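Working notes, beginning with the structure itself.
The numbers here are math on the coordinates, done by the rules we state, and not lab data. Only a predicted model underlies this, so the values are computations on that prediction, with no experimental measurement involved. Glycine gets a Cβ as well: all are built from the backbone with ideal geometry, and neighbour counts include every protein chain shown.
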Amino acid sequence: MRWRSPIRGPWLTSVFGAVLLAALPVVTLTGLLSYLAYAPQLGQAIPGDVGWLKLPTFQWPTSPAWLYQLNQGIHVVLGMVIIPVVLAKLWSVTPKLFTWPPVRSPAHALERLSLLLLVGSVLFELATGVLNIQYDYIFGFSFYAAHYFGAWVFIAAFIAHVCLKLPRMIESLRSRSLRTELRTPLAETHPEPPDADGLVSSDPAPPTMSRRGALALVGGGSALVLLLSVGQTIGGVLRPLSALLPRGRVLGDGPNDFQVNRTAAAARISPDDTGEVWRLTLRGGDGDVSLSRPQLLAMPQHTADLPIACVEGWSTTQTWTGVRLADLARLAGVGEPASAQVESLQRSGAFNDAALQHNQVLDPDSLLALRVNGADLSLDHGFPARIIVPALPGVHNTKWVRSIEFRT
Amino acid sequence: MPAHPGWFEQIYGARARHLLVLTGCFLLAGYAVLELGPDQLFDSDVWWQSPAVWFLGGAIVVDLVLFPLCSAADRVLNAVPRAERRPRRRGLRVPIVNYIRVPVLASGLLLLLFFPGIIEQGKGSHLAATGHTQDPFLGRWLWLTVLFCCLSVLAYSIRYGAGRLRTMRTMRTIERERDD
């Protein structure tokens, strides 16, 4: 096989490598934090049992309210933005894949195996992530488990790669000046000097693109992805920019015209269950407390601007009105609950119940929302009542609430 | 580096530190697989719906399918202008290759990232989650592709026009100097 690109070489590879060295740890860390936001200590993070493979567990805070929005926004948007850089980095080292002889020593064999783990895991994480945020589950296996353990394979291979290659990267970056490269037009673009790794072509074709052109091409690709993905995280006027993503639609001006996470039809919520017969049951005290919607509306109402922020990286901030969860806990006879278990009318599905931590029940902005933007909740948004808690992962803001059990 | 590699380096091919780092890597990665459950790697009725297949498949698709295809397409692209590279209008020539590469790559990147919506894959789960169909995505992607092509044509025209203008000015200056 002949590799003829005249711009392939350790310097170019190292520039892509440096960008990934900065970005990939951020994507990884926000992913691991998201796992903690699902409150593994309450037994509801997926996958459930991860052994040692998690960050030290702490109580996910409720302030700032946009914490999970920020975390997942960074995880998903940055994860997508680096895809052109990952592809460019892989392209820049393709000659090494076909190196001959394929194995020179035990060290070489092991390193190549670790590179298979690195490339396999980074592409696995990107592919499953990109599919998941578009609700395409063609891969067939559990996204959560595969994406989580895949991340740890990536962490292992990434750390090893950085340990072994960091000196080479620094040395290569120093071999040319970025500033000079950015001023070098096509006519003055020449191959890098031959390198030990064999990235530089021994028979280069005449250049058709300068190094700065290649950087601009990859950077432009990343900028394009950023432009098309950030809107569904930030929302507002930027939302329609996410024209190719599920959450880029502006739905209208009505109080309930914002993004729905799982429709009432899909959750099989029958209007019969949500009509006048609906009662909220509070458990945990001496006896169960049953409340109708008018009774809830007669209680002190609190209003808060809070985002729904999903693990898929999209979010939407609305003005919610309802009863404070702390007030409901007191009413149930549990003033200081250690946690609360919320159940939905939704009979099946992974998120028809959710546990809330102590701080999530007692935060003054944590609500059982009855109204949104001054109107009753629509059925799709959880009528008669839904949970809304600051900085909580979207799916744990249970809709169509049937009961809350306060635990001590 | 020592002038004479020790016995370990002679056998292994690198220093002990190298082996230490990679051992750590394989232990952690192996532990992750153990925690997932090794049986989960191939736990599927459909052979390609297993994590192990997707893990290896990603590397194979990118390195052995995507890149060779791109490089073959690029070779064709580069061969065409070369065939018409004649000395007759040397000064005017603006190479067209990057004005084709950029819109094609931009459109291809969007297809690669957003194909589930574009080809309407995962219709049911998309509808259940959002309450909307994936109808608009194909059209939007096509419009974006048209936009990229138009911008590229525009950029090329400007470069070509500017190039021509410069050449004409230079020639006029040369003629004038000759006249003087």
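For peptide A:77-90, compute the average count of partner chain beta-carbon atoms within 10 Å of each residue's beta-carbon. List each step's numbers first, then the result.
On the way: counts 0, 0, 0, 2, 0, 0, 3, 5, 0, 1, 7, 0, 0, 5.
Partner Cβ neighbours, averaged per residue: 2.
Per 10 Å bin, what is the whole-percent P(r) computed from every C-alpha pair distance within the range B:89-180?
Histogramming the range B:89-180 at 10 Å steps yields 15, 27, 20, 15, 11, 7, 3, 1, 0 percent.
Using 1/(1 + (r/R0)^6) with R0 = 25 angstrom and r between the beta carbons of B:Tyr160 and B:Arg75, what's the FRET efficiency to the nearest 0.05? Can you show the working numbers first?
On the way: r = 24 Å, r/R0 = 0.98.
Taking R0 as 25 Å, the efficiency between B:Tyr160 and B:Arg75 is 0.55.
Efficiency by 1/(1 + (r/R0)^6): what FRET value for B:Ala16 and A:Arg330, r their Cβ-Cβ distance, R0 = 60 Å, to the nearest 0.05?
Details: r = 63 Å, r/R0 = 1.06.
Taking R0 as 60 Å, the efficiency between B:Ala16 and A:Arg330 is 0.40.
Evaluate the relative contact order of the range A:10-241 (contact order divided by residue number), counting alpha-carbon pairs under 8 angstrom at least 6 apart; express in whole percent.
Working: 196 pairs, mean separation 64.2, N = 232.
After rounding, I find 28 percent.
Could you tell me how many degrees, from 0 to 90 and to the nearest 10, lie between the Cα long axis of helix A:106-132 and the main elongation axis, the longest principal axis, of the Cα atoms of chain A?
The helix A:106-132 is inclined about 40 degrees to chain A.
Cβ neighbours within 10 Å, averaged per peptide: list B:4-12, A:358-366, A:205-213, A:342-350 in order, most packed at the top.
A:358-366, A:205-213, A:342-350, B:4-12
Take every residue in peptide A:346-358, count the Cβ atoms of other chains within 10 Å of its Cβ, and give the average of those counts. Can you show the working numbers first?
Numbers: counts 0, 0, 0, 1, 0, 0, 0, 0, 0, 0, 0, 0, 0.
Average neighbour count from other chains, rounded to a whole number: 0.
In debye, nearest 20: dipole of the range B:89-180 around its Cα centre with unit charges on the Cβ of K, R (+) and D, E (-)?
Details: 13 positive and 6 negative charges, 103 e Å.
Here the range B:89-180 has a charge dipole of around 500 debye.
Ranked from highest to lowest mean number of other Cβ atoms within 10 Å per residue, what is the order of the peptides B:145-152, A:35-42?
Values: B:145-152: 15.1, A:35-42: 19.2.
Final packing ranking: A:35-42, B:145-152.
What FRET efficiency would be calculated for the residue pair A:Asp257, A:Asn359, taking the C-beta separation as r and a Förster radius of 35 Å, to the nearest 0.05?
Details: r = 32 Å, r/R0 = 0.90.
My answer for the efficiency is 0.65.
What distance in nm lies between label points placed 7 Å from Cα along the C-beta direction at B:Lys123 and B:Thr23?
The two pseudo-label positions are separated by 5.6 nm.
Could you work out the mean count of beta carbons from other protein chains within 10 Å of each residue's beta carbon in A:268-276?
Shielding by partners across A:268-276 averages 0.
Go through A:97-106, A:153-162 and give me the packing order, highest mean Cβ count within 10 Å leading. Present the calculation step by step, with values, prior to reporting the outcome.
Numbers: A:97-106: 11.8, A:153-162: 22.4.
Those peptides, ordered most packed to least, come out A:153-162, A:97-106.
Counting only C-alpha contacts under 8 Å and six or more residues apart, can you give the relative contact order of chain B as a whole percent?
Details: 76 pairs, mean separation 28.9, N = 180.
Relative contact order for chain B comes out at 16 percent.
Quick one: putting +1 on the C-beta of Lys and Arg, -1 on the C-beta of Asp and Glu, what dipole do you get for the range A:324-391 around its Cα centre, in Debye to the nearest 20? Let's see the in-between values first.
Numbers: 5 positive and 8 negative charges, 18 e Å.
That gives a dipole near 80 debye.
Along the charge dipole of the protein assembly as shown, which of B:Ala59, A:Leu178, A:Val50 sits closest to the positive end, that is, farthest toward it, with unit charges on the beta carbon of Lys, Arg, Asp and Glu (+1, +1, -1, -1)?
The residue sitting farthest along the positive end of the dipole is A:Leu178.
In a shell of Cβ-Cβ distance under 13 Å around B:Ala52, excluding B:Ala52 itself, what net charge do Lys and Arg (+1) and Asp and Glu (-1) give? Please report the intermediate quantities before stating the final value.
Details: positive: none; negative: B:Asp39, B:Asp43.
Taking every other residue near B:Ala52 into account, the sum is -2.
Given +1 on the Cβ of Lys and Arg, -1 on the Cβ of Asp and Glu, and no further charges, what dipole in debye does the range A:239-301 carry about its Cα centre, rounded to the nearest 20? Don't skip to the answer; put the middle values down first.
Working: 8 positive and 7 negative charges, 77 e Å.
Using Cβ point charges on Lys, Arg, Asp and Glu, the range A:239-301 gives about 380 debye.
Give me the extension gain from A:Lys54 to A:Leu186: residue separation times 0.36 nm, minus the current Cα-Cα distance, reported in nm with one decimal. Present the calculation step by step, with values, prior to reporting the outcome.
Numbers: separation 132, 0.36 × 132 = 47.52 nm, distance 4.79 nm.
Going from the current span to full extension adds 42.7 nm.
Of all the C-alpha pairs in chain A, what % are more than 42 Å from each other? Walk me through the numbers on the way to the answer.
Details: 22460 of 83028 pairs.
Beyond 42 Å sits 27 percent of the P(r) for chain A.
Counting alpha carbon pairs within less than 8 Å and at least 6 residues apart, what relative contact order, in whole percent, applies to the range A:291-408? Intermediate values should be presented prior to the final figure.
Numbers: 251 pairs, mean separation 36.8, N = 118.
About 31 percent, as a whole number.
For every other residue with a beta carbon closer than 15 angstrom to the beta carbon of A:Trp66, add +1 if it is Lys or Arg and -1 if Asp or Glu, then tell me the sum. Intermediate results must be reported in sequence, preceding the final value.
Working: positive: none; negative: A:Asp305, A:Asp363, A:Asp365.
Value of the local net charge: -3.
Charges on Cβ only, +1 for Lys and Arg, -1 for Asp and Glu, centred on the Cα centroid of chain B; of B:Leu138, B:Asn78, B:Thr173, which one is farthest towards the dipole's positive end?
Value: B:Thr173.
Collect residues whose amide H, placed 1.01 Å from N in the peptide plane, falls under 5 Å from the amide H of A:Trp278; neighbours closer than 5 in sequence don't count.
none
Among residues other than A:Gly220 whose Cβ falls under 15 Å from its Cβ, what is the net charge (Lys/Arg +1, Asp/Glu -1)? If you can, show how the numbers build up before the last one.
Values: positive: A:Arg211, A:Arg212, B:Arg101; negative: none.
Residues near A:Gly220 contribute +3 overall.
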